[in-house]
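Report on one structure; see the data block that follows.
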Amino acid sequence: MSHLFSLLEEFHMTTLKSSIARYPVALFCGLTVALSFAAYLLPLPRQVLPFLMILVPSLVAIALTGIIEGRSGVRELLGKLTKWRAG
């Protein structure tokens, strides 16, 4: 029974990953808009909302990168923040 459950879970994650990998930009845009709109529904002070509007796209990008590419992808994405080019 436990083996069957793990097989179903693995199938679900594989299907989820392939769906996300097939349409990453559309999913990023949809999640960003939906979560940004949902932020307005939270009982938070209005001064916090601009901060959330900036934070939501970054968190969605990191989460989707983690699902599609794993830790190495997230490490590469965040590593690009420290590379500066001047010239």
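Go through PHE5, PHE28 for me and flag whichever is part of a helix (DSSP H, G or I) and modelled with pLDDT under 90. Even if it seems obvious, please write down each step before you answer.
Numbers: PHE28 fails: modelled with pLDDT under 90.
Just a single option satisfies the conditions, and that option is PHE5.
Would you confirm, using the coordinates I've provided, whether LEU44 is surrounded by 11 or more Cβ atoms within 10 Å (Cβ to Cβ) and outside any helix (DSSP H, G or I)? Step through it out loud before you land on a result.
Values: surrounded by 11 or more Cβ atoms within 10 Å (Cβ to Cβ): yes; outside any helix (DSSP H, G or I): yes.
So LEU44 passes the test.
How many of the residues making up the stretch 62-77 are among the basic types (Lys, Arg) and either touching a residue at least 12 places away in the same chain (Cβ under 8 Å) or in contact with a Leu (Cβ under 6 Å, 6 or more places away or on another chain) (or both)? Give the steps one after another, and end with the answer.
If we filter the stretch 62-77 for residues that are among the basic types (Lys, Arg), which is where we start, we get 71, 75.
Okay, now just the ones that are also either touching a residue at least 12 places away in the same chain (Cβ under 8 Å) or in contact with a Leu (Cβ under 6 Å, 6 or more places away or on another chain) (or both), so none.
The number of residues fulfilling the criteria is 0.
Condition (residue is within 25 Å of ALA21 (Cβ to Cβ) and polar (S, T, N, Q)) applied to the stretch 74-85: is it met by at least one residue?
For the stretch 74-85, residues within 25 Å of ALA21 (Cβ to Cβ) and polar (S, T, N, Q): absent.
Within the stretch 45-61, can one find any residue that is in contact with a Gly (Cβ under 7 Å, 6 or more places away or on another chain) and free of Cβ contacts under 8 Å to residues at least 24 places away in the same chain?
So far as the stretch 45-61 goes, no, none of its residues is in contact with a Gly (Cβ under 7 Å, 6 or more places away or on another chain) and free of Cβ contacts under 8 Å to residues at least 24 places away in the same chain.
The values are calculated or read from the model by the stated rules, or taken from the named source; none is laboratory data. Keep in mind the model is a prediction, meaning the values are calculated, not measured. Positions of Cβ are backbone-derived with ideal geometry, glycine not excepted, and every protein chain shown enters the neighbour counts.
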